[in-house]
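These notes concern the structure reproduced below.
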Amino acid sequence: MIGSLLLLALVGFVAGVIARIVVPGWNRMGLLATMILGIVGSFIGGFLGYVVFGADLEDGPLQTSGIVGSIVGAVIALLIYRALVRPRFGILPRRRIFGRRGILR
C-alpha cells in the first residue's frame, strides 16, 4: 500500500516535470504542485485510456495510467490550469492579498 502510493507520487512527479518542460512558458509551481499535476494527469490519462481504447473496463473510469498516459494527461491538466489561472483574463484572476507582496500575485 505505502509502496504503491510512493510509486504513484514518483511517477506523478516525473510526469509533472516532463509536462512542464513540454508546455512552453513559465509556470509558477513548486515541487508539490508539480507532483499533484502529474498525479492528476495520471488519472486523466487513465480516463482517456478507458474511453478511447476501452482498456481495463472492469476497473472503471477512475484509474491511473502508465508513464506515457500520465504525461499526456499532465499536459492536458497543465493547459487547463493555465486557461483558468490566467492573470486578468481567466476565470480565476490573480490578485494581491495581504499587502504589497501578497500570497497570490
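Once you sort the root eigenvalues of the Cα gyration tensor of the stretch 2-84 as a ≥ b ≥ c, which label holds: rounded (a/c under 1.5), prolate (a/b larger than b/c) or oblate (the other case)? It comes out oblate by the Cα gyration axes. 3J(HN,Hα) couplings calculated from phi for the stretch 19-26 with the Karplus curve 6.51 cos²θ - 1.76 cosθ + 1.60 (θ = phi - 60°) are, in sequence order, 5, 5, 6, 6, 7, x, x, 9 Hz; Gly and Pro show x.
Throughout, read-outs are computed from the coordinates displayed, never taken from laboratory work. Predicted model, so just to flag it, every value in this text is computed and none were measured.
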